[in-house]
Amino acid sequence: MVGGELLPQVKEFKHIFCDELKVFEVEGLLRFTLIFTSPNSFNARELRFSRTMIFAIEEINNSTELLPGIRLGYQIYDTCASVPIAVHVAFQLLNGQNPVFYNDSNCSQSGVVIAAVGDSGSTPSISISHIMGSFNIPLVSHFATCACLSDKQEYPTFFRTIPSDHYQADALAKLVKYFGWTWIGAVHSDSDYGNNGMASFLKTATSEGICVEYIESFYRTDPESKIRRVADVIRRSSAVVVVAFTAAGDMKFLLEELARDPSPPRQWIGSESWVTDPHSMSFSFCAGTIGVAIQKSVIPGLRDFLLDLSPSEVAASSVLTEFWEDAFNCSLRESADLNKRKCDITEDIKALKSPYIETSQLRITNMVYKAVYAIAHALHNAACQETNDMTQCDKRMSVEPKQIVAELKKVNFIQNGYHVSFDANGDPMAFYELVNWQKSKNGITELVTVGYYDASLPKSQEFRVNRKLTWMEGGTQVPASVCSESCPPGTRKVLQKGKPICCYDCIPCPEGEISNITDSPDCFPCPSEFWSNSKRDACFPKPVEFLTFDEVLSVILAAFSVSGACLAIITAVIFFYHRTTPVVRANNSELSFLLLFSLTLCFLCSLTFIGAPSEWSCMLRHTAFGITFVLCISCVLGKTIVVLMAFKATLPGNNVMKWFGPPQQRMTVVSFTFIQVIICIIWLVVSPPVPVKNLTTYKEKVILECALGSSVGFWAVLGYIGLLAVFCFVLAVLARKLPDNFNEAKMITLSMLIFCAVWVTFIPAYVSSPGKFTVAVEIFAILASSFGLILCIFAPKCFIILFQPEKNTKKYIMQKN
């Protein structure tokens, strides 16, 4: 193509290969330029790219539908992966080929190209696009994938048929995440392709929770020591997976260095630049490599075109001559190496094993093919019109490069079954194949498609693996590459100081907390009524604890309670049977029977403290205990007062007993008891005891107990009992030395001493006892004080009645000690 006008005659087109000028003679009327990259050594793959361009141009020239009547020419340059050469090529294209310089206002532009295909590398493409963009000349690349080139403000005339590395980086990160690798190594080319691609990959990988042990960059022209250092880092690392975002030419040097002293097995993840490179696939220690690749395609007729090389055509082209000599290890030129045999032009190119004729895995080649057709369609839309079902193209029409840029933005066609269009950034829709290096039965490494990445699909559906993979060393199991093994349920991750987030220790969850997922960052507390199991991976209901009837402690306390009640009943029976004897009559039999009745209730009320608390049992146990004990103490108090009054009545002229006879004794007992009843009623009305679940005493179990409701009410009940007991104790002490052969005050003093001692010690024991033992302490205090009363007051009398009847006489009782 030539900007401004169409060439009316056949021109000679030059093909620059590095620093050497070589010539192709091709008929054409429009000049078409291909710029591609090959390293310093001969690259048959890049030669296939250039020949594919020629094949596409010839198809277009022979087409009656696309650019009818217009023939395209071409000019091919090799930048040798060198930015200075790429810049030189760009300026040479802009300067044109016309040797005549016009110094007037009518400057000729007949030698300037109107569009270019290339470059194969991102870095040269950046340089070329900067230069050509200033003149609105479009550059359509087939292999420059740097995401930076999508910036239309910086590269307004850049287009490409290969997807941007933004999508490739996302695909590689999802691939790594898919197989559970969180600890990887990363190497990349020290170029725009490698630097930008790796930056995009790391950004996505970090968001996916992937950690990188090391990041190394290198370039093919670096000193051997630097490449060796990168290889040593790979050898010494603990990361099994290595992501290589490198150009094929750079990867060649790294793999050659690793081949000298192979590292431990590594699972390689490759970018599309080198993962489909046949030379890279020749390194056996890389078997199992996986990566993303451009979609495999078929271009009918291309293989026959590549194989159709006549001896004269080879001899006429220095590029094809160099290819032929390199492929068959022979010499076509006179000045060639004397150690090589002479080529006889009978070599069979069909039997050649070379990337040049490898058309079963056409990937980047198809990108060249699509780029040529994209420019042709843009030129067709600018120079041709549809009239009466016919296409007419104006051969003399002046076509400006900016017109081609505008038309390239709108191209939308299907060529050979493949859709071609560009988005607002000049990029195509991203679609990659997931490929795997698998060894065939004959030991040859083959490229096998095992999945895909389609950016047009909804999020989380764009990545799929649909075939079994082969891993490093021919393994069938996915290799593990983690800094730390996964933390099982029941543990949580704790980051190791100074290391990435993927390096952590697994700490068991504390009691009461669980983690039920793998690699949980935190342990979560169980609900208040639940507790963790021994593995700390599930919560189960806390056991509910209360003083049940089937416990040994409960059985013992219940036995003592029933025994005490039986003892009180037996004592009452004995007293009733001997009610006419002096011992019974001398000790106020009515109050004695009432005291025995109250003691029976005291013993039995302790049973209400055993069993699951309920609303009724909580109210009953405390009120019954308070009222029965006041009744008991009131009876004891009445007996003590009777003793005192009886001795006062023996004094001459003292008739005090008439003021404290049986009616007054009954009234005293009823009055003291009624006060306790009033206290209990007020307690129950204001804030009664209620059953509650105690979750604080023990973390691992629930204590079912009775909450006091009003603490004031509880301590008022106990305080009133204590007040009566102290009063009774004081009176008993005053009466203990009164002269009599049988002074009951002595026994009452002892019983009150035991009673007060028990309840004084009860208070700290009650406060400090946990859970169900609080109830046990309360029952013990009730039983101990009740047994103290019945044994101290009634045991001596029963002993006399049953075993010393001689003392159960009025004469003996009336005697003074």
Fill in: C-alpha center-to-center spacing [the range 195-217, the range 316-378] in angstrom
38
Worksheet item: If we restrict to alpha carbons, what Rg and Dmax does the chain come to, in Å?
Response: 52.9, 166
Worksheet item: If packing is taken as the mean number of other Cβ atoms within 10 Å per residue, what is the order of 667-676, 220-229, highest first?
Response: 667-676, 220-229
Discussion item. Explain nothing, just the number: dipole magnitude of the chain about its Cα centre with +1 on each Lys and Arg Cβ and -1 on each Asp and Glu Cβ, in debye rounded to the nearest 20.
Written reply: 6700
Practice prompt. With a point put 7 Å past each Cα toward its Cβ, work out how far Ala480 is from Thr449 in nm, to one decimal.
Written response: 3.5
Item to complete: Please get the size of the charge dipole for the range 491-541, origin at its Cα centre, with Cβ charges of +1 on Lys and Arg and -1 on Asp and Glu, quoted in debye to the nearest 20.
Response: 280
Worksheet item: Between Ala316 and Tyr214, what length in nm is gained on full extension when 0.36 nm per residue of separation is reduced by their alpha carbon distance?
Response: 31.7 nm
Worksheet item: Hey, what D do you get for the range 335-467 in µm²/s if you plug the Kirkwood alpha-carbon radius into Stokes-Einstein at 20 °C and 1.002 mPa s?
Response: 109
Worksheet, complete the sentence: Expressed in Å to one decimal, the Kirkwood Rh of the range 138-194 from all distinct alpha-carbon pairs is 13.0
Response to the item:
XL table Lys746/Lys811; Lys497/Lys699; Lys174/Lys535; Lys203/Lys499; Lys252/Lys342; Cα-Cα > 23 Å flagged, in table order, is Lys497/Lys699; Lys174/Lys535; Lys252/Lys342
Worksheet item: What order do you get for Trp715, Trp759 when you list them from fewest to most C-beta neighbours inside 10 Å?
Response: Trp715, Trp759
Practice prompt. Would you calculate the separation in nanometres between label points at Thr696 and Phe576, each defined as 7 Å from the Cα along the Cα-to-beta-carbon direction?
Written response: 4.9
Worksheet item: What number, in percent, do you get for the relative contact order of the range 491-541 if the mean sequence gap of Cα pairs under 8 Å and at least 6 apart is divided by its residue count?
Response: 33
Practice prompt. Can you put Tyr504, Tyr812 in order of Cβ neighbours within 10 angstrom, beginning with the fewest?
Written response: Tyr812, Tyr504
Worksheet item: Using the 10 angstrom Cβ neighbour count as an exposure proxy, how do Leu175, Leu495 rank, fewest first?
Response: Leu495, Leu175
Worksheet item: To the nearest 10 degrees, how steep is helix 318-328 against the longest Cα principal axis of the chain, on a 0 to 90 scale?
Response: 60
Worksheet item: Whole-Å semi-axes of the range 478-579's equivalent ellipsoid, largest first, each the root of 5 times a Cα gyration tensor eigenvalue?
Response: 62, 11, 9
Worksheet item: Short version: ³J(HN,Hα) in whole Hz for each residue of the range 193-206, in order, from phi by Karplus 6.51 cos²θ - 1.76 cosθ + 1.60 (θ = phi - 60°), x for Gly and Pro, what are they?
Response: 4, x, 5, 5, x, 5, 4, 5, 4, 5, 4, 5, 5, 4
Worksheet item: How much space per residue, in cubic angstrom, does the convex hull of the C-alpha atoms of the range 201-300 take up?
Response: 120
Practice prompt. Mind ranking 69-75, 310-316 by how tightly packed they are, going by the mean number of other C-beta atoms within 10 angstrom, highest first?
Written response: 69-75, 310-316
Response to the item:
Taking alpha-carbon centroids only, the range 539-594 lies from the range 717-731 a number of Å equal to 22
Worksheet, complete the sentence: The alpha-carbon pair-distance distribution computed for the range 491-541, with 5 angstrom bins and whole-percent values, is 5, 25, 26, 18, 12, 8, 5, 1, 0
Practice prompt. For the chain, find the longest principal axis of its Cα atoms and tell me its angle to the long axis of helix 83-95, 0 to 90°, nearest 10.
Written response: 50
Worksheet entry | Length gained when the stretch Val83-Val494 is fully extended (0.36 nm per residue, less Cα-Cα span) | 143.1 nm
Worksheet item: Using 7 Å Cα-to-Cβ label points, what is the Glu224/Leu723 separation (nm, one decimal)?
Response: 10.7
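Every number here is computed from the coordinates shown, using simple stated rules; none is lab data. The structure presented is a predicted model; accordingly, all values stated were derived computationally and were not measured. Methodologically, a virtual Cβ is constructed for each residue, glycine included, from the backbone with ideal geometry; neighbour enumeration extends over all protein chains shown.
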